[in-house]
1. At 222 nm, what helix-only mean residue ellipticity would the chain give, in deg cm²/dmol to the nearest 500, using -39500 (n - 2.57) for each DSSP H run of four or more?
2. Between PRO11, PRO75, PRO170, find the one with the highest GNM mean-square fluctuation for the chain; connect C-alpha pairs within less than 10 Å.
3. I want the antiparallel fraction of DSSP beta bridges within the chain, as a percent rounded to 5.
4. Between ARG197 and THR173, what length in nm is gained on full extension when 0.36 nm per residue of separation is reduced by their alpha carbon distance?
5. Just the ratio, please: alpha-carbon radius of gyration of segment 103-204 over 2.2 N^0.38 Å, N its number of residues.
6. Using each residue's phi in segment 162-174, evaluate 6.51 cos²θ - 1.76 cosθ + 1.60 at θ = phi - 60° and report the 3J(HN,Hα) Karplus result to the nearest Hz, with x for Gly and Pro.
7. Starting from the Cα of ARG22, step 7 Å along the direction of its Cβ; do the same at PHE162; then give the gap between the two resulting points in nm.
8. Which of these values of Cα Rg over 2.2 N^0.38 Å was calculated from the structure shown: (1) 1.23; (2) 0.99; (3) 1.17?
Amino acid sequence: MENTQRGTEAPHRLVIIVGSVREGRFGPTVASWVAEQARDHGGFEVDVVDLAEVDVPLVLPAVPPLLAGDDYPRPAGMARLTAALEGADAFIIVTPEYNHSYPASLKAAIDWHFTQWAAKPVAFVGYGGASGGRHAVLHLENVLSELHAVPIRDGLSFPSYFTTWQDGRPLDTATEGYAKTLLDQLSWWTSALRTARDAAPYPA
């Protein structure tokens, strides 16, 4: 299925989040390749947000964002992240796996926000050792579902990325086909959910 924009519909705004802030991380390499696939797909306006470039404190205010609403006191250094999440129609989260889960930087970025995720689709790209980040993605699916996001079934997983990538690209060329399946599903859900949000506010 070839994805095209129909009529005068505005481009789908896709935010790709680099979840790791660890020294020597591989996340930006994976995110760059994913962004290239998304741009080539043609169904998205792509923005990459690297959490290493955002002020994301691990200590949150006493009142959670669900209760504080628009008055939630986020640090000024988080403004770029908050604006990107608010304006997004869809997300792709790129995450490594640390001890069978995802990094604290990503959990903090998620927990500082609430309504920004609601009724929007999110896809996952994991990388790591033998599991390829799959444990991390399973945990993220649970967390994002709690925030009323819609996880996409088909994701990407890169086991042993240190031997299966070269020059910023996966050695297995079939991966581009898997990426297209992810993006096709993400585009379908993005269009459906944006139409629904435009028709009526989501009852979070």
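Computed from the coordinates by the stated procedures, all read-outs in this text should not be read as laboratory data. For clarity, every value in this text was computed on a predicted model and none was experimentally measured. Backbone-built Cβ (ideal geometry, glycine too); neighbour counts: all protein chains shown.
1. Result for the chain: -11500 deg cm²/dmol, rounded to the nearest 500.
2. Taking springs between Cα atoms under 10 Å, the residue moving most is PRO75.
3. If I count the DSSP bridges inside the chain, around 10 percent turn out antiparallel.
4. The span from ARG197 to THR173 would gain 5.0 nm if fully extended.
5. For segment 103-204, the normalised Cα radius of gyration is 1.21.
6. For segment 162-174, the Karplus-derived couplings read 5, 10, 10, 10, 8, 6, x, 9, x, 5, 7, 5, 5 Hz, x marking Gly and Pro.
7. Spacing of the two 7 Å Cα→Cβ label points: 1.0 nm.
8. Derived directly from the coordinates: (2).
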